[in-house]
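The values are calculated or read from the model by the stated rules, or taken from the named source; none is laboratory data. Remember, it's a predicted structure, so these values are computed and weren't measured experimentally. Methodologically, a virtual Cβ is constructed for each residue, glycine included, from the backbone with ideal geometry; neighbour enumeration extends over all protein chains shown.
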Amino acid sequence: MEVEVKLRLQDASAHRQLTSILSPFHSKTLHQENLFFDTPANTLSSQLSVLRLRFLNKDARCIVSLKSKPTLVDGVSRVAEDEEELDPCSARACVEDPARLGKIESRILKRVKEEFGVGEEVGFVCLGGFENKREVFNWKNLKLEVDETKYGFGRCYELECESEDPDGVKKLLEEFLKENGIGYSYSKRTKFAFILAPYMDEMKAAYHCGYLDVLQYDYPHCSLHTSNGREARFIIFLAKINVYFHATQFRDLASLAKKHDYCC
């Protein structure tokens, strides 16, 4: 179980101020590209899991991770995480053709096959991703990670620290930020959730109008070859992973995905 304190920095100015103050403790800078995968039927996300490929420093390394059952409460994140190194070239080929993920030699992918029933015949699709610049600082016997994350719709800034004593570390970090006048708040979404943020308007629309009819059926039966079909599939995908959001008014959407023959 990975346990982290996650504090969202107010803006770019807060990020610059924090990294400037911490500069004497700077350890390294990592450039990350993070991409997320699931099956076309969202087998993993429907069970509160997601598969991630993380490329480090221009494909110098690649790490595959399986994350499951995440929670994020009052700035403390808990998630079951298993990871291993992959050959960057093989991993990059999987980005170009996600179906290759079912064929590579990997302990993580073997777990996915055995625990979720995902084999080569099912295949994978890429859900999206983001770029992240991570600056690492060794401060007061803690490893602090300060992130500048670039999404398609903008940038976000976050301070993270993995710890077995998250409450104690959170208190220490909050005192430090307040003493230095650095604006922050508790993170309420995982980074994965933020790549889906642009679709929240569609999700709201689905709740109130035409797509509500679509939500009553099982989206794998919706056609991928029509605009309505693609939107319907993605909206129900959002509903199934609503655990990543703190939008309680949409939680009942997941219960609307019932198995009936339906084509958009």
Set ILE104, ILE108: member being surrounded by 15 or more Cβ atoms within 10 Å (Cβ to Cβ), free of Cβ contacts under 8 Å to residues at least 60 places away in the same chain, in contact with a helix residue (DSSP H, G or I) (Cβ under 7 Å, 6 or more places away or on another chain) and not in a strand (DSSP E or B): ILE104
Selected residue (criterion: surrounded by the fewest Cβ atoms within 10 Å (Cβ to Cβ)) from residues of the stretch 39-67 that are in a strand (DSSP E or B) and at pLDDT below 90: SER49
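Take the residues of the stretch 85-101 that are touching a Lys or Arg at 6+ places or on another chain (Cβ under 7 Å) and in a helix (DSSP H, G or I): which is nearest to ARG54 (Cα to Cα)? Before the answer, list the steps.
First pass over the stretch 85-101, keeping only residues touching a Lys or Arg at 6+ places or on another chain (Cβ under 7 Å): 85, 88, 93-94.
Going one step further and asking which of them are in a helix (DSSP H, G or I), we end up with 88, 93-94.
On the way: PRO88: 10, ALA93: 13, CYS94: 12 Å.
Among those residues, the one meeting the criterion is PRO88.
Could you grab me the full set of residues in the stretch 112-138 that are assigned to a helix (DSSP H, G or I) and crowded, with 16+ Cβ neighbours inside 10 Å?
Taking the stretch 112-138 first, the residues assigned to a helix (DSSP H, G or I) are 112-116.
VAL112, PHE116, listed by residue number.
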The lone exception for SER20 - which of (1) touching a strand residue (DSSP E or B) at 6+ places or on another chain (Cβ under 9 Å); (2) at pLDDT 95 or above it fails: (1)
